[in-house]
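The values are calculated or read from the model by the stated rules, or taken from the named source; none is laboratory data. All values derive from a computational prediction rather than experimental measurement. Note that each Cβ is placed from the backbone with ideal geometry, even for glycine, and that neighbours are counted across all protein chains shown. Accessible surface areas use protein heavy atoms only, side chains included; no ligands, DNA or RNA. Shrake-Rupley method; radii C 1.70, N 1.55, O 1.52, S 1.80 Å.
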Amino acid sequence: MFAFHKPRGIVVSRVPEGTAPTLFSLLPEPYCGWFAVGRLDRDSEGLVLLCDDSRMAQRLMDPGTGAKTYLVTVEGLPPEAALERLRNGGLALGTRLTRPAGVVRLGKAPRGGTRLEVVLHEGINRQIRRCFHLIGHRVRRLVRVGVGPVTLGDLEPGTGRELALEEVTGLLAAVG
């Protein structure tokens, strides 16, 4: 398995969307045919896992197989009651209700924003952005920093690394 730091402005798709480059155009040659484990939207950045087994990639994407951790910067200062709505779950995103999320306030961000850590156990399309929109705060920056036992660490945008045996073992344990 391979961990890659997806830069902002890149799409996680094999098919280009407009002028945006694809993740697969940035990967080293041996990984270009691998499968992305989940997606990050064009405006988000951070950890994307890749796997050479499509069935395993699908199993790793299933809800509940592992926590996904994000560092999120939003505009303004969300009140604790609004963050509690995210923690409790049950927000309607289309036809789905969100599961409870871990939300920890990390402090103030530049230009009057707030930094938070958000931990999800599901993968609804653009979930974090949509949830913060529902509570009245636009997401300025979203970085996925962890998937289960795998962390982004000090990977620079546009670079990747092979997973350590312990990381692979942890991911496999999560899917049974």
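Annotations
- When Rg and the Kirkwood radius Rh are both evaluated on Cα atoms of segment 1-82, their ratio Rg/Rh stands at 1.04.
- Segment Leu77-Glu156, extension gain: residue separation times 0.36 nm, minus the distance between their alpha carbons: 25.5 nm
- The residue among Ala164, Gly136, Val147 whose Cα reaches farthest toward the positive pole of the charge dipole of segment 132-174, with charges on the beta-carbon of Lys, Arg, Asp and Glu, is Gly136.
- With eigenvalues of the C-alpha gyration tensor scaled by 5 and rooted, segment 8-48, Å: 16, 12, 9
- Unit charges on C-beta of K, R, D, E only; dipole of segment 68-176, Debye: 640 debye
- Computed with the Debye formula from one identical point scatterer per Cα of the chain, without solvent, the log10 of I(q)/I(0) at q = 0.09, 0.20 Å⁻¹ comes to -0.31, -1.41.
- Net charge contributed by nearby residues that have their C-beta within less than 9 Å of Asn125 (K/R +1, D/E -1): +2
- Among the protein heavy atoms of segment 41-176, carbon and sulfur supply 53% of the accessible surface, probe 1.4 Å, non-protein parts ignored.
- The loop-placed chymotrypsin sites (Phe, Trp or Tyr not before Pro) in segment 33-108, going by DSSP, include none that has at most 11 neighbouring Cβ atoms within 10 Å of its Cβ.
- Distance from the C-alpha centroid of segment 1-59 to that of segment 107-165: 16 Å, rounded to the whole angstrom.
- Distance distribution note for segment 80-148: the fraction of Cα pairs above 17 angstrom is 38%.
- Solvent-accessible area per residue, Å², over the chain with all protein chains present [probe radius 1.4 Å]: 50 Å²
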